[in-house]
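Below you'll find the structure, written out as structure tokens, and then a few comments.
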């Protein structure tokens, strides 16, 4: 339920405000896509944490580039 | 599924737009102040002046100062024209660079203050804005300085007392002295001085020619008749307010209906009523403690609001003279002047008379920057354009980096799509391939969302400044924009100014001006430069967003729309050049699939590079 609500909110953002951030992302997939995937695969709590971590990495000193959501089967490692 | 998503998206977007409009109501031009008599106003006893301020308070309670009294509700007053109302009492006129008006000798009232430089409408020939108005006109609004005594036997000057003076006019540097003799040995005097801005300096004094000492309480009040609909209560405060012991309290007219009142105590500060652009504010002696009362009396059309202060008692020995000094600000809330008074007169937090909102730490500096640019350039519209260039300049390198990355991404997009299709289910493999692609192509990450995020406060601050500050009111831009703080007047439904008719409220949403249309076009062009989102639903919704924003922004101040259109234009130019430099075909989908190794193409991102596509600039947007 919680994860559904989160995904709804992310979708809402993606279809409206994300407009202004087209092309600005340092990462592929973008933070919102990443968050939606993370919540889908890891559940609301862990997914949110993953998304938050990703969001913090999006700064001028972050690495950038291709950065997919870690698979659910893989153990999480802190980058 | 896509179709369903799409509908959901549209519904959500509409919800957002509706929500947006609820949070930022479109600014409306202030309703013109009615000057002539309303023909159907309920008529009865003529504007009954109020009972003497001191009379109601004191008897039986020695020591308790009689608080100044608002006039008792005495039936709906006859509404007359300003000229008629002014003719009701002898007056001393004044005319300064900013103000024109008069002081009524009856009651010693400051009740006629009009602003020379501020007109009710954009048209410079429209009537001046009335800040204070005498009893008799539709919304009387005046200030009084007086005395009350704990000894009920003493006669105090009241609203019917006619003061005497031998002066015909009041001028800056030539104060007006009015006196009133109570016939019991007390001679009251009011010395009113004005400057060439909006401040009245009022010295109230009593000469005791009787044979016993008297103790009197000086007071001052501002009274305002009638209901006042706040124009933009969600964006800024309008109503009674004040700074009490260093902290600002913003009250609303509604709190004082049904004869309610509130009392405060303060040393230093100010009290008064404010509208969006104008205010009447009393400033007591900043060093002594005063008791403040805010109250409403009467109901319906007869409602009156009063804010007053009663100062510490002053004891005057026989043969001596005692008094106090207060100030009245009646005029436009011009930032420079208000800050000037705060410093010159030492008025505690006088700058808070202007509601800059929670983000004043950002809004006010932005205002100062705009104002400075205005002084240099002579036009607020130009100032906004230059401000935009400055903001863009700060983020120029970062944006360049983003556009360079964007070009590259746009070129790589087809290949990434192909990989996603090829390895569809095999996430492990896809990840590996993508990593390799990124490494091979040396994609430099974009600047991230930070440079865009920091522009949001600029947008909101500009909105607030355009909405709040009198400085932006009736300020023209080139061409047909005569007021940057109002929506573009040349709208579709008026045939871009060809047809003159009152567009009904219900159609306002569709009434789009020229500048909002220009802004919509710039948004559309910018979108053509950007890579299309890979998500098909997102891509389709985004195609509609420029249209939605055109509708939405049409309700906003022209200055804000011009800012946005200009900001987009600058971005488009920058993006266009960067993409050209990176050899991106402009305006159509990249056909490049495999890229050669980087050929250093400059740019501070260092890597860059990309196929120099011969198809260069097929068309611009």
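The values are calculated or read from the model by the stated rules, or taken from the named source; none is laboratory data. The shown structure was predicted, so the numbers you read here are calculated from the model rather than taken from an experiment. In this analysis, Cβ positions are derived from the backbone assuming ideal geometry, glycine residues included, and neighbour counts consider all displayed protein chains.
Tally up the residues in the stretch B:482-509 that are over 19 Å from residue B:552 (Cβ atoms) and either under 22 Å from the mean Cα position of the chain (by Cα) or at pLDDT 90 or above (or both), please. Break it down stepwise before answering.
We begin by selecting, within the stretch B:482-509, every residue over 19 Å from residue B:552 (Cβ atoms); these are B:482-483, B:494-502, B:504.
Restricting the remaining residues to those that are either under 22 Å from the mean Cα position of the chain (by Cα) or at pLDDT 90 or above (or both) gives B:482-483.
Residues flagged as over 19 Å from residue B:552 (Cβ atoms) and either under 22 Å from the mean Cα position of the chain (by Cα) or at pLDDT 90 or above (or both) within the stretch B:482-509 amount to 2.
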(request) Give the stretch B:156-175 a look and list any residue that's surrounded by 17 or more Cβ atoms within 10 Å (Cβ to Cβ) and over 34 Å from the mean Cα position of the chain (by Cα), or say none. (result) B:156, B:157, B:158, B:159, B:161, B:163, B:165
(request) Looking only at the stretch A:4-15, count how many residues are buried (at least 19 other Cβ atoms within 10 Å of the Cβ) and more than 9 Å from chain B (Cβ to nearest Cβ). (result) 2
(message) Among the residues in the stretch B:492-506, are any crowded, with 16+ Cβ neighbours inside 10 Å and either closer than 20 Å to residue A:22 by Cβ or within 14 Å of another protein chain (Cβ to nearest Cβ) (or both)?
(response) no
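Is there a residue being crowded, with 20+ Cβ neighbours inside 10 Å, closer than 21 Å to residue B:436 by Cβ and at the interface with chain B (Cβ under 9 Å from one of its Cβ atoms) anywhere in the stretch A:52-62?
Taking the stretch A:52-62 first, the residues crowded, with 20+ Cβ neighbours inside 10 Å are A:54, A:58.
Then drop every residue that is not closer than 21 Å to residue B:436 by Cβ, which leaves none.
The answer is no; no qualifying residue exists.
Against the condition part of a helix (DSSP H, G or I) and more than 14 Å from chain A (Cβ to nearest Cβ), how does residue B:439 come out, does it pass?
Working: part of a helix (DSSP H, G or I): yes; more than 14 Å from chain A (Cβ to nearest Cβ): no.
The answer is no for residue B:439.
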(request) Look at residue B:68 and say whether it is within 30 Å of residue B:322 (Cβ to Cβ) and modelled with pLDDT under 85. (result) yes
(request) Would you be able to say whether some residue in the stretch B:389-410 is part of a helix (DSSP H, G or I), within 12 Å of another protein chain (Cβ to nearest Cβ) and surrounded by fewer than 17 Cβ atoms within 10 Å (Cβ to Cβ)? (result) yes
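Among the candidates B:448, B:479, which residue alone is more than 14 Å from chain A (Cβ to nearest Cβ), more than 19 Å from the chain's Cα centre (by Cα) and in a loop (DSSP other than H, G, I, E, B)? So that I can check it myself, show each step before the final result.
Details: B:448 fails: more than 14 Å from chain A (Cβ to nearest Cβ).
Of the residues listed, the single one that is more than 14 Å from chain A (Cβ to nearest Cβ), more than 19 Å from the chain's Cα centre (by Cα) and in a loop (DSSP other than H, G, I, E, B) is B:479.
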(message) Looking at the structure I just gave you, is residue B:219 at pLDDT 95 or above, farther than 29 Å from residue B:336 by Cβ and outside any loop (DSSP other than H, G, I, E, B)?
(response) yes
(message) Would you confirm whether or not the stretch B:522-531 contains a residue that is in a helix (DSSP H, G or I) and more than 13 Å from every other protein chain (Cβ to nearest Cβ)?
(response) yes
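Does the stretch B:358-370 include one or more residues that are within 14 Å of chain A (Cβ to nearest Cβ) and buried (at least 19 other Cβ atoms within 10 Å of the Cβ)? Don't jump to the end; show me each part of the working.
In the first step, residues of the stretch B:358-370 are kept if they are within 14 Å of chain A (Cβ to nearest Cβ); the result is none.
No; the residues of the stretch B:358-370 include none that is within 14 Å of chain A (Cβ to nearest Cβ) and buried (at least 19 other Cβ atoms within 10 Å of the Cβ).
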(message) Here is a check on your reading of the model: is residue A:18 at pLDDT 85 or above, crowded, with 21+ Cβ neighbours inside 10 Å, away from every other protein chain (no Cβ under 13 Å) and under 30 Å from residue B:568 (Cα atoms)?
(response) no
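Just to check your reading of the model, which residue among B:599, B:539, B:554 is closer than 30 Å to residue B:473 by Cα and either modelled with pLDDT of 85 or more or out of contact with any helix residue (DSSP H, G or I) (no Cβ under 8 Å at 6 or more places or on another chain) (or both)?
Working: B:599 fails: closer than 30 Å to residue B:473 by Cα; B:539 fails: closer than 30 Å to residue B:473 by Cα.
The unique qualifying residue is B:554.
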(request) For residue B:330, work out the one condition from (1) closer than 30 Å to residue B:138 by Cα; (2) in contact with a helix residue (DSSP H, G or I) (Cβ under 6 Å, 6 or more places away or on another chain) it doesn't fulfil. (result) (2)
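Within the stretch B:101-124, how many residues turn out to be in contact with a helix residue (DSSP H, G or I) (Cβ under 8 Å, 6 or more places away or on another chain) and within 26 Å of residue B:219 (Cα to Cα)? Give the steps one after another, and end with the answer.
First, the residues of the stretch B:101-124 that are in contact with a helix residue (DSSP H, G or I) (Cβ under 8 Å, 6 or more places away or on another chain): B:102, B:112, B:118.
So of that shortlist, the ones also within 26 Å of residue B:219 (Cα to Cα) come out as B:102, B:112.
Here the count works out to 2.
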(request) Filter the stretch A:3-41 down to residues that are under 21 Å from residue B:431 (Cα atoms) and touching a residue at least 24 places away in the same chain (Cβ under 8 Å), then give me how many there are. (result) 14
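Sort through B:274, B:293 and tell me the only one that's in contact with a strand residue (DSSP E or B) (Cβ under 7 Å, 6 or more places away or on another chain), farther than 30 Å from residue B:185 by Cα and surrounded by fewer than 20 Cβ atoms within 10 Å (Cβ to Cβ).
Working: B:274 fails: surrounded by fewer than 20 Cβ atoms within 10 Å (Cβ to Cβ).
After ruling out the rest, the residue left standing is B:293.
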(message) Residues to consider are B:235, B:214; find the one that is crowded, with 18+ Cβ neighbours inside 10 Å and in contact with a strand residue (DSSP E or B) (Cβ under 8 Å, 6 or more places away or on another chain).
(response) B:214
(request) Answer with yes or no whether residue B:457 is under 29 Å from residue B:543 (Cα atoms) and either within 13 Å of chain A (Cβ to nearest Cβ) or in a loop (DSSP other than H, G, I, E, B) (or both). (result) no
(request) Evaluate the following for residue B:419: is it within 14 Å of chain A (Cβ to nearest Cβ), farther than 30 Å from residue B:471 by Cα, surrounded by 18 or more Cβ atoms within 10 Å (Cβ to Cβ) and out of contact with any strand residue (DSSP E or B) (no Cβ under 9 Å at 6 or more places or on another chain)? (result) no
(request) Take the stretch B:451-481 and flag every residue that is closer than 18 Å to residue A:31 by Cα and loosely packed, with under 15 Cβ neighbours inside 10 Å. (result) B:453, B:454
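Would you be able to say whether some residue in the stretch A:25-34 is more than 26 Å from residue B:435 (Cα to Cα) and either at the interface with another protein chain (Cβ under 10 Å from one of its Cβ atoms) or touching a strand residue (DSSP E or B) at 6+ places or on another chain (Cβ under 7 Å) (or both)? Explain how you work it out, then say what you get.
Taking the stretch A:25-34 and keeping what is more than 26 Å from residue B:435 (Cα to Cα), we get none.
So far as the stretch A:25-34 goes, no, none of its residues is more than 26 Å from residue B:435 (Cα to Cα) and either at the interface with another protein chain (Cβ under 10 Å from one of its Cβ atoms) or touching a strand residue (DSSP E or B) at 6+ places or on another chain (Cβ under 7 Å) (or both).
Only one of B:294, B:290 is touching a helix residue (DSSP H, G or I) at 6+ places or on another chain (Cβ under 9 Å), assigned to a strand (DSSP E or B) and closer than 24 Å to residue B:147 by Cα. Can you tell me which? Give the derivation first.
Numbers: B:290 fails: touching a helix residue (DSSP H, G or I) at 6+ places or on another chain (Cβ under 9 Å).
From the options B:294, B:290, the qualifying one is B:294.
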